[in-house]
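One structure below.
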Amino acid sequence: MTGGDTGGRLVRPFTLTGGRTRPSRADFTLITTVTALDPQPARAVRPQPEHLRILRLCAEPVAVAEVAARLDLPVSVVVILLSDLLEAGRITARPPHPVDRATPDLDLLQKVRDGLGRL
Amino acid sequence: MAGSDRAAPAPTAPASPAAPEAVKILIAGGFGVGKTTMVGSVSEIAPLRTEEPLTAAGLDVDDLAGIEEKRDTTVALDFGRISIGRELVLYLFGTPGQQRFWFMWNDLAIGALGAVVLVDVRRPESSFAAIDFFERRGIPFVVGVNGFHGRHPYPAEEIREALALPEHVKVLLCDARERASSRDVLIALIDQLIDAAASAAAS
């Protein structure tokens, strides 16, 4: 059933996600960095094709938004698939650098500035 | 069904290749003002796009104008990437231009270092909503005046006045097509953040 998600703003294609509408674990943002574990866990359940595509994409660390763009899937769907992979112990997820406007991180800002200066 | 086997607990091992931490800056402004152009001119990858399907279910009634007939609306988000060394990656997100997608801006703004509001001198009013958005939420921003074909008929101060911007908000004349010009706008934003942090620490 696809009509019950009254709290959400987005219609999610449910076929890829087995009807689940929410990540079962972890809070994936657009810029959470995901990385496939190498080696992959031996005893885990065989991943589905969409899961395998994601695992190939995040062999190197990559942001959630990039996974979505490269797979041409909505972010909301990718997050559900990533939650499966995280739960199965196949990927790690690194949250974005926290931004606190009350206490700005001068060291971080300087790093970003230096990096931009090299462009 | 795959995925229902919970026998193996998720390991807490660190990521195999060291995963960089990410930060983001928003590139905002009215529809067609050059946001994706700016993202593309500084990004190390060709700008990527994600599309999110959308229904009116979660929108306030006021936001329905113009989309009630369109059942399959999507919100597109263009973004690019700049690697800052091995441990840090800066993502640039172009905000959806149409005002009715303002709610996406809320999600996007969470955790952003700040924003660039691009202004088209031929129709500055198309960027008013973006300026309001960041001002009201206390999100730091600079204004980049994107010259049509790189031409700038008005000096920056005149544009500041026209937009009624406070003194601490930088206004830069730029050409979003040029890498160096877009980079300088981003650097101006970071400098503004550094200045604000320094003066906050001093007081």
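Here are some notes:
Okay, residues lined up against (1) farther than 25 Å from B:ASP107 by Cβ; (2) of a type in the set (A, V, I, L, M, F, W, C); (3) buried (at least 20 other Cβ atoms within 10 Å of the Cβ):
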{"residue": "B:ILE131", "(1), (2), (3)": "no, yes, yes"}
{"residue": "B:ARG136", "(1), (2), (3)": "no, no, no"}
{"residue": "B:ILE139", "(1), (2), (3)": "no, yes, no"}
{"residue": "B:VAL142", "(1), (2), (3)": "no, yes, yes"}
{"residue": "B:PHE148", "(1), (2), (3)": "yes, yes, no"}
{"residue": "B:TYR154", "(1), (2), (3)": "yes, no, no"}
{"residue": "B:GLU158", "(1), (2), (3)": "yes, no, no"}
{"residue": "B:PRO166", "(1), (2), (3)": "yes, no, no"}
{"residue": "B:ARG177", "(1), (2), (3)": "yes, no, no"}
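- Scanning the stretch A:32-69 for residues that are of a type in the set (S, T, N, Q), over 17 Å from B:GLY80 (Cβ atoms) and in contact (Cβ under 8 Å) with a residue 40 or more places away in the chain yields a count of 3.
- Scope the stretch B:78-106; condition assigned to a helix (DSSP H, G or I), over 19 Å from B:PRO47 (Cβ atoms) and not polar (S, T, N, Q); matching residues: B:ARG100, B:TRP102, B:PHE103
Results for (1) in contact with a Gly (Cβ under 9 Å, 6 or more places away or on another chain); (2) at pLDDT 95 or above; (3) over 27 Å from B:ILE110 (Cα atoms), shown as yes or no for each residue.
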| site | (1), (2), (3) |
| --- | --- |
| A:MET1 | yes, no, yes |
| A:ASP5 | no, no, no |
| A:VAL45 | yes, no, yes |
| A:ILE54 | no, yes, no |
| A:CYS58 | no, yes, no |
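- Flag if A:LEU52 is more than 7 Å from chain B (Cβ to nearest Cβ), in contact with a His (Cβ under 8 Å, 6 or more places away or on another chain) and not polar (S, T, N, Q): no
- Qualifying residue in the stretch B:29-43 (condition: in contact with a Gly (Cβ under 6 Å, 6 or more places away or on another chain), more than 9 Å from every other protein chain (Cβ to nearest Cβ), modelled with pLDDT of 95 or more and assigned to a loop (DSSP other than H, G, I, E, B)): yes
- Of all the listed residues (B:ALA109, B:ALA2, B:ALA57, B:ALA13), the sole one being surrounded by fewer than 21 Cβ atoms within 10 Å (Cβ to Cβ), in contact with a Lys or Arg (Cβ under 8 Å, 6 or more places away or on another chain), closer than 24 Å to A:ALA93 by Cβ and at pLDDT below 75 is B:ALA2.
- Helices (runs of 4 or more DSSP H) wholly inside the stretch A:52-119 containing at least 1 residues that are within 23 Å of the chain's Cα centre (by Cα) and among the polar types (S, T, N, Q): A:75-87
The values are calculated or read from the model by the stated rules, or taken from the named source; none is laboratory data. What you see is a predicted model, and the numbers here were worked out from it, not measured in a lab. When we count neighbours, we look across all protein chains shown, and the Cβ atoms used for this are built from the backbone with ideal geometry, even at glycine.
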